[in-house]
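Readers should treat all values here as calculations from the given coordinates under stated rules, not as data from a laboratory. Just so it is clear, the model here is predicted, and its values are computed rather than measured. Cβ placement follows ideal geometry from the backbone for every residue including glycine, while neighbour counts extend to all protein chains displayed.
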Amino acid sequence: MKILAFAYGILCYLIFFGTILYAIGFVGNFGVPKSIDSGVQTSLVSAVLWNAGLLTIFAVQHSVMARPAFKRFWTRFVPEPIERSTYVLFSNLALILLFWQWRSISEPVWSVNWTPGALMLHSLFWLGWGIVFLSTFLLSHFELFGLKQVWLNFKNADSSHPEFRTPLLYRLVRHPIYLGFTLAFWATPNMTQGHLLFAIATTGYILIGIQLEERDLVAVFGDKYKVYRQQVSMLIPFFK
């Protein structure tokens, strides 16, 4: 069973890796068969309602399954070592559904034809994704995506208790992963109405998700996190 759990964790991680690579192409409109501005087009009202439903599915899944109360319930049925991998799997399935069923709304909101401006926006797009990946490794990339848990279970080793650390980017903002996603979702020289809907909805979800996540972090780390929250800005560096 431990071998199966380890193989399951690896499979879930590989699905995540493929999904995040597709997400880069989906948002950036390159290298994928269907991007945020390509594919099925319907009426504006229909597309907005359909896409909002897809975003809601991801937001509800991603938030509910991350809450400690749900984890305590969920691990009555799912073995604890693969709980995180299963969460990652369901998150990726929700994203794959979004990529597959997304309805494009191609009417332009802005278009930057000035070469230096377009280059700056492309650079911010890649900077955002770079911040996302770097931030996961600054804490524990493999724990975040479930590999550490299945590996420790395979070795019959106990998992360590959560440790409060603020390495590098976490000394500038409390949520550098969310900062990276925000940059990546908004930085484009050609913003369409569909892309704008995606950027607004995901930013709103990020702001709500931060409140839920920080409530859980205060419950785990207590005054340490309260002091950290007072000293370090949420998303904008040096702006408390």
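Brief remarks on what is shown
- In the chain, the convex hull through the Cα atoms has an average projected area of 14.2 nm², a quarter of its surface area.
- Neighbourhood net charge (13 Å Cβ-Cβ; Lys/Arg +1, Asp/Glu -1) for residue 78: +2
- The value of relative contact order for region 2-231, using C-alpha pairs under 8 Å at least six residues apart, is 29 percent.
- Computed about the Cα centre, the dipole magnitude for region 2-231 is approximately 440 debye when only Lys and Arg (+1) and Asp and Glu (-1) carry charge, each at its Cβ.
- Bridgeable lysines around residue 71 (alpha carbons under 29 Å apart, same-chain partners fewer than 8 residues away excluded): 2, 148, 155, 224, 226.
- Protection proxy ranking of 221-233, 77-89 - average other beta-carbon atoms within 10 Å, highest first: 77-89, 221-233
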